[in-house]
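A.B. asks: Below you will find the structure I want to go over with you.
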Amino acid sequence: MASETTAGAIAPVARNEGGIWGFSTAQLAALGVLVVFLGVAPFFLYPVFLMKLLCFALFACAFNLLIGYVGLLSFGHAAYFGMGGYIAGYTAKAYGFTPELAVLAGAAVAGFQGWIFGWIAIRRQGIYFAMITLALAQMIYFVCVQAPFTGGEDGIQAIPRGDLFGSISMASDMSMYWFVAAIFLAGFLMIHRIIHSPYGQVLKAVRENEPRATSLGYRTDDYKLMAFILSATLAGVAGGVKSLVFGIATLTDVHWSMSGEVVLMTLVGGLGTVFGPVVGAAVIVTMQNYLAEMGAWVTVIQGAIFVTVVLAFRRGIVGEIGNLFRVKL
């Protein structure tokens, strides 16, 4: 009876939110702009820079699935991003896995890791949840420092890009770019589908009022755990692709500061928006790339932007644009 009542309450929301394929008119227009950008950008911008941007955009979207739609702030997402990179790099180099298999291996390990860590962490809320995820991620960091297959401080170097499906060479940056763009777009659309599915509506209900969702008959811990696993898996995909693009997997990607960066990307772009993490990742990666010659000042500028966004633009860039035009992005 409870589930029927809830389904009746949730279903209209799901129907009213979307137009075509769950996208509103504004979101569909934004998706069109994104697809056009992906198609023309490599002819005007450096493909490696674009691939880095797309890897972090997918990472931020995966993180946003957890914090923006479930309300769980994880300070340890670098563990899944970095481990996905290590596993993808190691399997590609040591076992000769093709790019798609290497990325899938990284995603599988990251998802399994997310299942174990999520089972431990979701029993707590608020700052306790955040601190548990940070502690678990630091444990993975020290494992990566000591584990033989990671190469320690040297990392895994000279990772081959290989041949896609065993026949399409990924040696050229342009070929690799289309592979990365396809994975990003598939991950982005998958996250959008999750958000606008009945499952996604339950996640939003848990975010807004977990006790009420529980009283309606939902096992909220199971829903949160599944969201944690999905988020960790997609973060592992992003990390695996990044290691193949640059041919190296290092401790940087599993360090706690990487978890801080993805939080910054999500907040700058717009927490709980579909396109916000993509824009936030673009802003932060572009800043790091073009202001690299300023050294440590890049971090200072990032901090200033973060403070400005939190104080003056609390909805983030995309959130503020959506609020200005009264549309949901």
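A.B. asks: Give me the extension gain from MET174 to ILE116: residue separation times 0.36 nm, minus the current Cα-Cα distance, reported in nm with one decimal.
C.D. replies: 17.2 nm
A.B. asks: Using 0.36 nm times the number of residues separating THR308 and ARG219, minus their current alpha carbon distance, what extension gain do you get? It would help to have the intermediate numbers written out before the result.
C.D. replies: Details: separation 89, 0.36 × 89 = 32.04 nm, distance 3.85 nm.
The THR308-ARG219 span can extend by a further 28.2 nm.
A.B. asks: Return the distance in nm (one decimal) between the two label points of a simple spin-label model at LEU189 and PHE165, each offset 7 Å from Cα along Cα→Cβ.
C.D. replies: Placing both labels 7 Å along Cα→Cβ, they lie 1.6 nm apart.
A.B. asks: Tilt of helix 25-40 relative to the longest C-alpha principal axis of the chain, in degrees (0 to 90, nearest 10)?
C.D. replies: Helix 25-40 and the main axis of the chain meet at about 10 degrees.
A.B. asks: For the chain, build the charge dipole from Cβ charges (+1 Lys, Arg; -1 Asp, Glu) around the Cα centre, then report which of TYR199, TYR90, PHE165 sits farthest towards its positive end.
C.D. replies: Ranked along the dipole, the leading option is TYR199.
A.B. asks: Multiplying the sequence separation of THR252 and ASN323 by 0.36 nm and subtracting their Cα-Cα distance, what value in nm do you get?
C.D. replies: Difference between extended and current length: 22.0 nm.
A.B. asks: Let me know the shape class of segment 190-329, please: from the alpha-carbon gyration tensor, a ≥ b ≥ c as square roots of the eigenvalues, rounded when a/c is under 1.5, otherwise prolate if a/b is greater than b/c, or oblate. Provide the component values of the computation, followed by the final result.
C.D. replies: Numbers: a/c = 2.24, a/b = 1.42, b/c = 1.58.
Judged from the Cα gyration tensor, segment 190-329 comes out oblate (a/c at least 1.5, b/c at or above a/b).
A.B. asks: For VAL33, VAL310, VAL241, write out the residues from largest to smallest accessible area, computed with a 1.4 angstrom probe and no ligands counted.
C.D. replies: Order by accessible area, largest first: VAL33, VAL310, VAL241.
A.B. asks: Let me ask another. Mind listing which chymotrypsin sites (Phe, Trp or Tyr not before Pro) in segment 21-111 are in a DSSP loop and have 16 or fewer other Cβ atoms within 10 Å?
C.D. replies: Answer by residue number: TRP21, PHE44, TYR95.
A.B. asks: Could you state the angle between the C-alpha long axis of helix 276-290 and the longest principal axis of the C-alpha atoms of the chain, as a value from 0 to 90 degrees rounded to the nearest 10?
C.D. replies: 30 degrees
A.B. asks: Continuing with the same structure: Starting at the first residue of segment 87-92, write each ³J(HN,Hα) from the Karplus equation 6.51 cos²θ - 1.76 cosθ + 1.60 with θ = phi - 60°, in whole Hz, x for Gly and Pro.
C.D. replies: In residue order, the calculated couplings are 5, 4, x, 5, 5, 5 Hz.
A.B. asks: Could you check the spin-label model distance between ALA147 and ILE301? Points 7 Å from the Cα along Cα→Cβ, value in nm.
C.D. replies: Here the modelled spin labels are 3.5 nm apart.
A.B. asks: Using Cα centres only, tell me the gap between segment 58-83 and segment 149-174 in whole Å.
C.D. replies: First find each Cα centre; the distance between them is then 25 Å.
A.B. asks: Okay, next question. Helix 47-67 sits at what angle to the longest principal axis of the chain, using alpha carbons and giving 0 to 90 degrees rounded to 10?
C.D. replies: Rounded to the nearest ten degrees, it is 30.
A.B. asks: Restricting to DSSP H runs of at least four residues, report the calculated mean residue ellipticity at 222 nm for the chain, -39500 (n - 2.57) per run over all residues, nearest 500 deg cm²/dmol. Display every interim value, and only then the final one.
C.D. replies: Details: 14 runs with 236 residues, N = 329.
Helix-only estimate at 222 nm: -24000 deg cm²/dmol.
A.B. asks: How far apart, in nanometres, would the label points at ARG124 and LEU45 be if each is projected 7 angstrom from Cα along the Cα-to-Cβ direction?
C.D. replies: Roughly 3.8 nm, to one decimal.
The values are calculated or read from the model by the stated rules, or taken from the named source; none is laboratory data. For clarity, every value in this text was computed on a predicted model and none was experimentally measured. Positions of Cβ are generated from backbone atoms using ideal geometry, with glycine treated the same way; all protein chains shown enter the neighbour counts. Surface areas here come from the heavy atoms of the whole protein model, side chains and all, with no ligands, DNA or RNA. Shrake-Rupley method; radii C 1.70, N 1.55, O 1.52, S 1.80 Å.
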